[in-house]
Every structure is written in C-alpha cells, then in structure tokens.
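The values are calculated or read from the model by the stated rules, or taken from the named source; none is laboratory data. Since this is a predicted model, take the numbers as computed values, not measurements. Methodologically, a virtual Cβ is constructed for each residue, glycine included, from the backbone with ideal geometry; neighbour enumeration extends over all protein chains shown.
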Amino acid sequence: MELKDIKEGEGKSFEGGAHVPHYKSFTDNIPISRMAPPAEVIIPLQQHVGASCDCLVEVGDKVEVGQKIGDSDAYISAPIHASVAGTVTAIEARPHSDGGEMDSVVIETDQEHSEFVPQETRDPDEMSVDELKEAIKEAGLAGMGGAAFPTYVNINTDQPVDTLILNGAECEPFLTCDHRLMVEKADELIAGAEILMRCIGAKKTYLGIETNKMDAIEVLATKLEDRDDFEIVPLAVKYPQGYKSYLIKTITGRDVPRGARSAALGCIVRNVGTTFAAYEAVVYGKPFIERIVTVSGPVVPEPGNYIVRLGTPAEHVLREVGVDPDELEGHKVIFGGPMTGLAQSDLRVPVVKNITGVLVLPPDMVREDVSYTDCVRCGLCVERCPNWLYPNQLSILAEHGIYEKLEDWDIWDCIECGICAYVCPADRPIVHFIKRAKPIVDEM
Amino acid sequence: MVSKLIATPPPHLKRENTVSQAMRDVVLALIPVSIVSIYFYHLYAAFLMVVCVATAVLTELIFRGAMRKKHTLHDLSAVVTGLLVALLFAPTTPWWTAVVATVLAVGVAKELMGGIGWNLFNPALFGYVATTILAPWLAFLSRDLAPLSPNFGSLDVLTQATPRAMLMQGVPLPGYGTMLLAFPGGALSETSALAVILGGAYLLYRGHINWRIPVSMIGTVFVLSLISGFDPIYDVLTGGLLLGAFFMATDWVTSPIENKGKWVFGIAIGVLVAVFRFGVGATEGVAFSILIMNTFVPFIERVTRRPSFSEPKPSPAGEDA
C-alpha cells in the first residue's frame, strides 16, 4: 500500500460537497471511556427503520441487563434489549429526539447488577453463516451511523455481493466516536468485518477513512499489511463523504441509481461502529445495549467519547460531562452531528441506536434570529450539492407552495445533508424547506 | 427543566458568507478603475459616481417603500448597481441621463421585477441601454436642465474619440502596453483595462464569480476577431469587453447557474459581440449582447440541466434495464 504518501486532508472523493470546519480536536485524542448508567433508562419501542417492536415486558417486571424487551415478527425490524438491570416502572409515551413522543419502556436501574458479563466466548470461525446472521439479528443491530436500518436485513441478501465497504469517513464535524473506535479497537473491527464478509459472501473489504484521521489509517494499515482482502481507501476531507451512495461511487466507481439497494450494486456499506457491534454480538453474544457517543462542544468541561447505555436521557449525559442542564439558556443541544442532527428542546429524550453525538453549542455559535432573503442565484448550492440537484429551485418552489413541480426537480433524491443551507449567502433554510415539503408531495 | 434551548432546524453550522460581503467585494473590485477614471476625468467622473450611487439608494428606498417592502440597502446591491451605471457612461454624460438610467436600473429592472434575485436583465446594463435608446425622447431634459449642469472646467480628453470609434475609423491606437495600462476616451470603465482585470481577478480569487464566463466570452471574441482579420488584442482591451466579461455577464442573478450553461452563455455573448462589431459596426456591442443573452438564460438552463446523481444511466444496448 502506498498509504505513506497520502497527505492529511487529501484522498479520493466525489463531485460536489464542501469543506466544513471539523471541530474534532475537542475529542479526537480522548480515549473511549465508560459513562455510568443513569438512574432510569427510557427505551423507545422503535429505534430503527421498519416495524415497531411489541413490548415483551410489563410494568413491575424485573429485567436483566441485555434481556430482550421488545421484538417484532415483521421482516424489517430489530429487537430491543434492556440496557440496564432493574425494574420496569412504566410503559408509556415519552419524548423522543425525532420530536414528539414514542411508546417507551422505562426501567429503573439496579446499579449493582447492570454490568454486562458475557456468558461465553464464541469463535466465529466455528460458527456457520446462519449462526452468525442469527447472532446479529438477535442482538438487534441497526446502522449506527445514521439511518438505523436493521443490520440483519442488510446482510441477509441472496444477491451476490463481492464487496464490503466499512464506513469510517465520519464526515460530520465534532464527531470522533468512529475515529476512536478505529484507533482503539482495530483488531475487533477487522474481526467484525470478517464476520460480515462471511455473511454476505464478500471477497474484499474497503475501509474508507477521511485523512483527518491519519492515526486510524496508520493503526489499521499496520495490522492489515499482509492482507489482500482488505484495502484502506484514504478519503479527502469533505462533507458529506460518509453518505452511502457517494462512498460507493468514490471507492468502487459504481453508479448508485435511485431505488437501487446497495446489495444490487454488489456492495454493502457498514458503519465501523456497527461492524464492531457485530463482532461483540457474535463473539460475546452481546446485544445492542450501548454505543460510543461523542459528547462535545466548546463549553463542555469534560468532552469525550463515552460508551453510553441506550436509553440514557440527554440530561444525564450532560451532567456526567460537567454541564448543568438547567444553565443552558440560549444554547443548542444537538443529537447527532451539527449538519444533520436535531436540536433538542426537551433534555429528557434518550440516546437511541443511531445517536452518534450529543453536542452543546454555546450562544455565540447559535443564531436564534435567522432572517433570510430571496435566492440571488449565486449557484453555490448547485455547485456543492453532492446529489447534483438544484436546491435553489427546490427551495423556491417549496417556499411558494408550488409542490406539484418539486418532483420535476428530483426532490426525492435529496439526502438532506444540509450543505446547500450551509453555503447559502442569502441564509435560506433550503434543506428545511425541502424536508417540510416532502410529506406534502408524498400526499399528492 | 429548561425551556430556553434553541431548537432551530439543521444544519447548525453556517459558512460565514453573505450577499452583503459579496457586494462589498464587488465595490472593492471596482475601486481601481474608479480611481483611474477620476485621474483622467477628475470631478466629472467623481460627480457621476456620486449622482448614480445616491440615485440608486434613493430609488430603492422609494420603490420598496411604495411596495411596502423592507429596504435591503444593507445588501449593498443598490450601491453596486449605481456605481456600475456610472462606470458605463462617458464623463460628459449629463447628470440627468445618469439619473434616469439609474432609476430604470434599480427601479424598473430590479425592484419592479420582484427585487434582487428575480430580475431578468442585468440592472445596470438595462438602465444604460434603455437611456441610450430613449435618448431622443429625453432631449427635453437636456433643454430644461442644461443650466443646472455643474461646470468642472475643461478637459482635453473629453473631446477625444473613443478607442472603438478610432478602431472603426482606422485611426491608429497607441501600443498594446498603453491600451492595457490606461488610455482615456470612452466610458469611465474604459480608462484602464488593467484596473478592470485586477478587479475581476479579485472577484475570482474571492470565489464570487465563475471563471467560465469571462474565459469563454473573452476567448470567443479573441478567436472570432483573429478569424475575421482584426486585431484580437485591441478587440479584447476596448469597448468595455472586460468590464462586461468580469462584472456584468457574471452577475449571479442574470447568468446561468450551472457550469455547462455558463459556457454556452459566455460563448453566445462572444459571438454576438463579434456580430455587432464586425458585422454591424456598432460600438455598443457588449451591452446589447449581454442583455440579449440575459433573456435566453431560462432556456439555456433548461437545455443544459444536469441530471441528478441518482438518475439511472441508460443501460448499454442489448441489456435489460
């Protein structure tokens, strides 16, 4: 491999997108550490794309850590598990980070017995492909990078898939959880990739990593020196490099037409966090009960990459890093990255399967009163749109309620990455207009 | 529980670029040529600039006020339009002509079309060309307002023929170096090709304009001039081609938004300029050419529209889609 010649920031990329300030130095050198479980966890019955789970417990039940508490017969679904040991105190609608409320299982934590202890250690090489898939399905894995699509459905494909792409781009500013995972858990990550390769029958794995993570590239390159079936692909530092379609195009050169499942293109993309979770699910039988979350922001006293139990309320996360949730007037608390994550108004919302970060932006980074003007046709959004759309047209049509024209301008191809609004000199909330119009167009 | 958290929609980061900053940079980019024109034309040039900028600001206030819209003076686009109108005129242009041109530019071409972003024509060029066409009907202004004209003394260069006219009449022009550096005669903006190029380079460097339009427009004129047996260097350096290529044809609102369209637009303007200059023998070729192509922008954008990244590619012959 000629990785030593790669300079920081350079690498393969796609057409479109833009450089966005990283803000990663708050946490990119901080080792992963464990966050104490909260007094109670709130576990929504739906945490993934697909069908909601049926609740398997009742109020008053005692649950073990890792016990399955929700499941569904639907194909596109993933079970949910108790992330702590304790007592079910409520099954009711609770505030959710996507806005609104969602039916959730509330468990009062038994701090004494909440550590997950593996019952056995299994050797993946001695397991059949069906056993591997079953372990991943039972663990309730879902894409940890963004969309939370059930991993089992993704890998249970009968189409020939020759390529596995591990997504270590982590192109959203602030987030470093995937970065730290690659640096600290490289062996487990490689083993996880081998498990996924067996599941889908892939012969080759590409690791796409943005070159602002040179230490991760170095660690993995050393471990993969003699491997022909693994290749590290250094990626230019550009948002939204980590989006599936652009990653496939960048790494394999294959086009990704609308509606095509990535399996139909012969490759499957998995986030590095999900791959690590697949390793733990197979080897330790560990269900998806916790994940690494980057907690960061310029005013956070103890920013870091924390292993957080699913269902942990935002306010607990904030207190644990030294932020007083009652002293946040004029701040923004974001679940996810700052380009696509949602700002929360209620800090009781829980961390769920696809929450990559909890960010606190201070008032000087927050623009409360955003006034925008008409489009001046500067063309920046058109130049930067990674999907080669005309965000200017979409925003004007949506703003003026001309919904019937939006499909002519390919509104459904918009991935809502937010780069259009980021570059707009007229401050137009372009992606917000588009998001708001989509359900209306859908009804038409 | 706090309720004063800010929960506006993503993205939560914003690049620090605004329309006002871009317009401020355009004003900065116009300073070199403005200084050169004042050097040659003294108060005549300064007076025109002050009149046009003040008229532009007042016109925006009055038109937007009448339409009960908030003024947008902070975006500086009125200042830019006023300054550009002034630079399009010769120093001897009566102030009332400049006022009419500026009112038409800001009031009609921009505000009546819906404000910045909705205008079809480049406002400054529209105002300039409209007054040129309306000149016979504006004669009464000259009759009534002539006594109100300030007298800034005499200037030899004021009576000099414009470089384009000299070219047409076969009068020899000074060498390339002089023509590039500074040579009076003609509009304020025609006093120094180098100053205009400097301004254009600054806008390119700041990323406000796209290189494809000036390159295709100037390149087309150069090639067609060469083919037609004229002097391509004089054709590039005279007649406001550079100002048009860097400051007018690149106007965000009135040029195609996508790169392929920008090529088509620039080449078409270049062809029209050549037709006006070598075919018709007109001296206003650049202004007319850009305005004509402004009207074609919606059409150009329709035929050069780039398909979505997700658009399925036509499958190779013989294979099922």
Exercise. Just one of A:V219, A:V233 is over 19 Å from the mean Cα position of the chain (by Cα), within 25 Å of A:E290 (Cβ to Cβ) and either of a type in the set (K, R) or away from every other protein chain (no Cβ under 14 Å) (or both); which is it?
Worked result: A:V219
Exercise. For residues in the range A:18-40 being part of a loop (DSSP other than H, G, I, E, B) and surrounded by fewer than 16 Cβ atoms within 10 Å (Cβ to Cβ), which is nearest to the other protein chains (Cβ to nearest Cβ)?
Worked result: A:P21
Exercise. Which one of the conditions (1) surrounded by 24 or more Cβ atoms within 10 Å (Cβ to Cβ); (2) under 30 Å from A:I43 (Cα atoms); (3) more than 10 Å from chain B (Cβ to nearest Cβ) does A:C417 fail to meet, given that it meets all the rest?
Worked result: (3)
Exercise. What residue, of A:I43, A:I76, is hydrophobic (A, V, I, L, M, F, W, C), in a loop (DSSP other than H, G, I, E, B) and within 29 Å of A:A139 (Cβ to Cβ)?
Worked result: A:I76
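When you go through A:A260, A:A264, A:A202 one by one, which is the residue that is assigned by TED's automatic domain parsing to the domain that holds A:F14 and in contact with a Leu (Cβ under 6 Å, 6 or more places away or on another chain)?
The unique qualifying residue is A:A202.
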Problem set entry | Elements of type helices (runs of 4 or more DSSP H) in the range B:106-211, at least 3 residues being under 21 Å from B:L88 (Cα atoms) and within 16 Å of the chain's Cα centre (by Cα) | B:123-134, B:193-205
Exercise. Does any residue of the range B:21-37 turn out to be within 14 Å of chain A (Cβ to nearest Cβ), out of contact with any Asp or Glu (no Cβ under 7 Å at 6 or more places or on another chain) and free of Cβ contacts under 8 Å to residues at least 40 places away in the same chain?
Worked result: yes
Exercise. Of the residues that make up the range A:293-309, is at least one more than 14 Å from chain B (Cβ to nearest Cβ), basic (K, R) and touching a Pro at 6+ places or on another chain (Cβ under 7 Å)?
Worked result: yes
For this session: Have a look at B:A46, B:A86 and point out the one that is away from chain A (no Cβ under 14 Å) and either crowded, with 19+ Cβ neighbours inside 10 Å or under 23 Å from B:V286 (Cβ atoms) (or both).
Result: B:A86
Problem set entry | Single match in B:R68, B:R15 (criterion: within 14 Å of another protein chain (Cβ to nearest Cβ) and either free of Cβ contacts under 8 Å to residues at least 12 places away in the same chain or touching a strand residue (DSSP E or B) at 6+ places or on another chain (Cβ under 8 Å) (or both)) | B:R15
Problem set entry | When residues of the range B:271-286 are limited to those that are surrounded by fewer than 24 Cβ atoms within 10 Å (Cβ to Cβ) and either among the hydroxyl-bearing types (S, T, Y) or in contact (Cβ under 8 Å) with a residue 40 or more places away in the chain (or both), the one farthest from the other protein chains (Cβ to nearest Cβ) | B:G281
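Here's the yes/no breakdown for (1) of a type in the set (D, E); (2) in contact (Cβ under 8 Å) with a residue 24 or more places away in the chain; (3) in contact with a Leu (Cβ under 9 Å, 6 or more places away or on another chain); (4) more than 11 Å from chain B (Cβ to nearest Cβ):
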site	(1), (2), (3), (4)
A:L342	no, yes, no, no
A:C385	no, yes, no, no
A:L394	no, yes, yes, yes
A:D427	yes, yes, no, no
Exercise. Considering the range A:345-382 alone, what residues qualify as being acidic (D, E) and at the interface with another protein chain (Cβ under 8 Å from one of its Cβ atoms)?
Worked result: A:D346, A:E368, A:D374
Problem set entry | Single match in B:T131, B:T81 (criterion: buried (at least 24 other Cβ atoms within 10 Å of the Cβ), away from every other protein chain (no Cβ under 14 Å) and of a type in the set (S, T, Y)) | B:T131
Exercise. Going by the structure shown, is A:R227 free of Cβ contacts under 8 Å to residues at least 24 places away in the same chain and farther than 20 Å from A:N154 by Cα?
Worked result: yes
Exercise. Within the range A:344-370, which residues are in contact (Cβ under 8 Å) with a residue 60 or more places away in the chain and either outside any strand (DSSP E or B) or out of contact with any strand residue (DSSP E or B) (no Cβ under 7 Å at 6 or more places or on another chain) (or both)?
Worked result: A:Q344, A:D346, A:R348, A:V349, A:V351, A:V352, A:K353, A:N354, A:I355, A:T356, A:P362, A:M365
Exercise. Which members of the range B:212-233 meet the condition of being surrounded by fewer than 19 Cβ atoms within 10 Å (Cβ to Cβ), in contact with a Phe, Trp or Tyr (Cβ under 8 Å, 6 or more places away or on another chain), touching a residue at least 40 places away in the same chain (Cβ under 8 Å) and not in a loop (DSSP other than H, G, I, E, B)?
Worked result: B:I233
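Please indicate, with yes or no, whether at least one residue in the range B:287-299 is touching a Ser or Thr at 6+ places or on another chain (Cβ under 6 Å), surrounded by fewer than 17 Cβ atoms within 10 Å (Cβ to Cβ) and part of a helix (DSSP H, G or I).
There is no residue in the range B:287-299 that is touching a Ser or Thr at 6+ places or on another chain (Cβ under 6 Å), surrounded by fewer than 17 Cβ atoms within 10 Å (Cβ to Cβ) and part of a helix (DSSP H, G or I).
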Seminar exercise, completed: Apart from one, (1) touching a residue at least 24 places away in the same chain (Cβ under 8 Å); (2) in a loop (DSSP other than H, G, I, E, B) all hold for A:D158; the odd one out is (1)
